[in-house]
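The values are calculated or read from the model by the stated rules, or taken from the named source; none is laboratory data. This one's a predicted model, so the numbers in the text were calculated from it and none came from an experiment. When we count neighbours, we look across all protein chains shown, and the Cβ atoms used for this are built from the backbone with ideal geometry, even at glycine. What goes into the accessible areas is simple: the full protein's heavy atoms, side chains included, and nothing from ligands, DNA or RNA. Shrake-Rupley method; radii C 1.70, N 1.55, O 1.52, S 1.80 Å.
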Amino acid sequence: MTGNTLHQALFAPLAARDDALITLPDGGVVTGRAFAAMLARYAHALVESGVEPGDRIVVQVEKSAHALALYGAAITAGAVFVPLNSAYTPEELDYFIENAEPRIVVVDPALEPVLGPLAAKHGAWPLSLGADGGGSLAEAARGQPESFDPVERAPDDLAALLYTSGTTGRSKGAMLSHSNLLSNAQVLVEEWRFSSGDVLLHILPIFHTHGLFVATNVTLAAGARMILLPKFDIEAVLAHLPQASVMMGVPTHYTRLLADERLDRERVAGMRLFVSGSAPLLAETHEAFEARTGHRILERYGMTETNMNTSNPHDGERRAGTVGFPLPGVEIRITDPESGEVLAAGATGMVEVRGLNVFQGYWRMPDKTAEELRDNGYFITGDLGRVDADGYLHIVGRSKDMIISGGLNVYPKEIELALDAQPGIAESAVIGVPHPDFGEAVLGVLVPRPGERPDLDAIRATLGDSLAAFKRPKALVTVPELPRNTMGKVQKTELRARFGDHFARSRS
Ligand code: AMP
């Protein structure tokens, strides 16, 4: 057998597994052996369709066992897997095909009529794959051999292009090598004490680093099993929790679980670990979850470009409101966002990351790569944070969300924490909006608890006790809920667009 780094570690062992690798929502199972055979058939179909080592395969399909087998097939055939959010429109798909220049594009069968002309325009070969295993790729795979000689891929060869969610400007394709992905999966298996006895409740999308590389790769690297749900559906999650041992979710999943009284100690008696990431977990959610279930959620921090960087400890104190310590092999430093100089211990600044996990650069965007990836290997994350005296990293927000009011820097997280603690407030988001005198002014967007009408004047007055005047919101507004994307991230751009003329309006 030839060498293919990720195949050897994640997929090769499956052929010898007769146990259930994947349990489907209807109770059906896919054994390791059946998955390996499916993967091999898809790999043959890809090669027959013209895939050569290093070719990109763009994939926009529904989450399913077939989609995961296609991921394995692309890696095993030596290709670069390029998963896309299934919510992207044909216009957006056009951009990604143009940018990634794939040999093959695979979409849901329902999208085939749209894909045909798009693929033809960019010289790619169109294929389709349904969640039920239907479509032209499945056709091409039918009758193919159930084993496939992996195409040689060295640790530094590309395994995936993962597009950033691109809230500012166009999405960038983060180039991730076999070694980027494998090193991170192996570290997480150790750090989170994964074993072949684990059963992961898989509720995350598989076009994103969290669901594809954290959830899936870690499960595969540990020789564990997964219950594969198409998405987070509260009924399905509650029904399957008793059969699982690990769940990985975004903060919204935990607040939704807490909102349901059926979540109790008995239901999670078989669970050993709950992991949260992709967006900040409120300390309050952390505490409420522990009070209800007896489990302290383990919060970790990562991103498309780097996989996972830090994690709260499995065995030590999982500190609410922090993202824990650098993972083994990962270095974190805090720098001045302007000058790039390393700051003194405890200071707040730009979080920079270096390690085997850090990507190779942005696909065909050397200028962007040079802006964010330093010559010495540190990646400038765009997140602001500080390391406390015990070594825990605190993320205080995205640098582009930092507010400069009257020339002074305001970190939204500090104000949000103060607002969240006020009576009648469920959660908050703090943004900077244009202001005639201050340039930017701090605006607090509050979500009241159900049935409550918080006293906004009283809240502003109370903040005066704890926050310097320049940090205090110049105004507070309420909304029924905060706009969030599928990964649970608050969409501050949307809030800024909505409230951007607040001070212009309140003056007139
Ligand atoms: P993505 O590339 O979509 O995975 O988004 C990565 C970004 O999500 C990071 O740069 C952070 O801003 C944010 N993020 C991820 N995990 C956390 C966390 N535990 N706490 C706060 N922010 C997080």
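Just to check I understand the Karplus step: with θ = phi - 60° and J = 6.51 cos²θ - 1.76 cosθ + 1.60, what whole-Hz values come out for region 146-158, glycine and proline as x?
Taking θ as phi minus 60°, the curve returns 8, 9, 8, 6, x, 6, 4, 9, 7, x, 8, 6, 6 Hz for region 146-158.
Find which of PHE148, ALA279, ALA185 sits farthest along the positive direction of the dipole of the chain, computed with +1 on the beta-carbon of Lys and Arg, -1 on that of Asp and Glu, about the Cα centre.
The Cα lying farthest towards the positive end belongs to ALA279.
At a threshold of 8 angstrom on Cα-Cα distance, excluding pairs fewer than six apart, so keeping six or more, what relative contact order does the chain reach in percent?
10 percent
Please arrange ASP264, ASP315 by accessible surface area, largest first, computed with a 1.4 Å probe and ligands excluded. Can you show the working numbers first?
Values: ASP264 60, ASP315 105 Å².
Result, largest first: ASP315, ASP264.
Arrange the peptides 79-92, 150-163, 16-29 so that the one whose residues have, on average, the most other Cβ atoms within 10 Å appears first.
Per-residue Cβ counts within 10 Å, averaged per peptide and sorted highest first, yield 150-163, 79-92, 16-29.
State the percentage of accessible surface on the chain attributable to carbon and sulfur atoms; use a 1.4 Å probe and exclude ligands, DNA and RNA.
For the chain, the apolar C and S fraction of the accessible surface comes to 51 percent.
Send over the Kirkwood Rh of region 5-153, from the inverse of the averaged 1/r over different Cα pairs, rounded to one decimal Å. Could you put the intermediate results ahead of the total?
Details: mean 1/r = 0.0653 Å⁻¹.
About 15.3 Å, per the Kirkwood formula over Cα pairs.
So what's the angle, to the nearest 10 degrees on a 0 to 90 scale, between helix 112-122 and the longest Cα principal axis of the chain?
Tilt of helix 112-122: around 90 degrees.
Quick one: divide the alpha-carbon radius of gyration of the chain by 2.2 N^0.38 Å and tell me what you get.
Its radius of gyration relative to the 2.2 N^0.38 Å reference: 1.00.
How would you order 344-350, 98-104, 371-377 from highest to lowest mean count of nearby Cβ atoms within 10 Å?
Result, highest mean first: 98-104, 344-350, 371-377.
Whenever you get a sec, line up TRP125, TRP363 from highest to lowest accessible area (probe 1.4 Å, protein heavy atoms).
Result, largest first: TRP125, TRP363.
Leaving out same-chain residues fewer than 8 places away, which lysines sit with a Cα under 26 Å from that of LYS492?
Excluding near neighbours in sequence, the set is LYS172, LYS231, LYS368, LYS400, LYS413, LYS471, LYS474.
Starting from 0.36 nm per residue, how many nanometres of slack lie between SER195 and THR89 once their C-alpha separation is accounted for?
34.2 nm
For region 1-81, what does the accessible surface come to per residue with a 1.4 Å probe? Please give it in Å².
For region 1-81, the per-residue accessible area is 31 Å².
Sequence-distant or interchain residues sharing an amide H contact under 5 Å with ARG56, placed H: which?
Residues meeting the criterion, in which the H sits 1.01 Å from N, are VAL80, ARG103.
Given charges of +1 on the Cβ of Lys and Arg and -1 on the Cβ of Asp and Glu, with all other atoms neutral, how large is the dipole of region 31-133 about its Cα centre, in debye to the nearest 20? Before the final figure, lay out the partial values.
Values: 6 positive and 12 negative charges, 84 e Å.
In debye, rounded to 20, region 31-133 gives about 400.
Note down the accessible area of ARG318, probe 1.4 Å, to the nearest 10 Å².
Spelled out: ARG318, probe radius 1.4 Å, area about 30 Å².
Angle, helix 32-48 long axis vs. longest principal axis of the chain, Cα atoms, 0 to 90°, nearest 10?
80 degrees
Quick one: accessible surface of LYS231, probe radius 1.4 Å, all protein chains present, in square angstrom to the nearest 10.
Using a 1.4 Å probe on the heavy atoms, I get roughly 120 Å².
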